[in-house]
Amino acid sequence: MDATLNLKGMTISDKLSVMEMLWDDICRDLPDISSPDWHGELLKQREMDVKQGKDEFVDWEEAKKDIWNSVS
């Protein structure tokens with residue numbers, strides 16, 4: 001099935017909404033997919049950064065609000 005969107009006529013907020021809907025749909029319908037090795041390495045590095053005080057966790061709901069606010 002071919003689907004087209006008027007991307008030039010969409011706001012950033014509209015585009016992000018569509019991306020989120022697509023991601024939710026993909027996550028529902030895909031079988032288990034293993035992460036690539038580089039992803040595990042990146043997660044280990046980020047965990048070390050948090051332990052060393054170089055970074056911190058942010059609540060996901062708060063992060064989504066911050067993202068929406070930065071593009072709206």
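The values are calculated or read from the model by the stated rules, or taken from the named source; none is laboratory data. These numbers come from a predicted model, not from an experiment. Counting neighbours? That spans all protein chains shown, and the Cβs are built from the backbone with ideal geometry, glycine included.
Residue 35: in contact with a helix residue (DSSP H, G or I) (Cβ under 7 Å, 6 or more places away or on another chain) and either small (Gly, Ala, Ser) or at pLDDT below 85 (or both), yes or no? Judged against the criteria, residue 35 is not a match.
Evaluated against (1) more than 18 Å from the chain's Cα centre (by Cα); (2) part of a loop (DSSP other than H, G, I, E, B); (3) loosely packed, with under 11 Cβ neighbours inside 10 Å, residue 35 falls short on exactly one condition, (1).
Of the residues in the stretch 54-66, at least one is at pLDDT 95 or above and over 16 Å from the mean Cα position of the chain (by Cα). Contact map, the stretch 46-72: first residue farther than 24 Å from residue 14 by Cα, second residue at pLDDT below 95, Cβ cut-off under 6 Å, separation 6 or more or different chains; pairs are 49/55. Considered as a group, the residues in the stretch 14-32 that are surrounded by 11 or more Cβ atoms within 10 Å (Cβ to Cβ) and not β-branched (Val, Ile, Thr) include one that is farthest from residue 70 (Cα to Cα), and that residue is 20. If the requirement is being in a helix (DSSP H, G or I) and of a type in the set (A, V, I, L, M, F, W, C), which of these qualifies: 5, 16? Exactly one residue qualifies, and that residue is 16.
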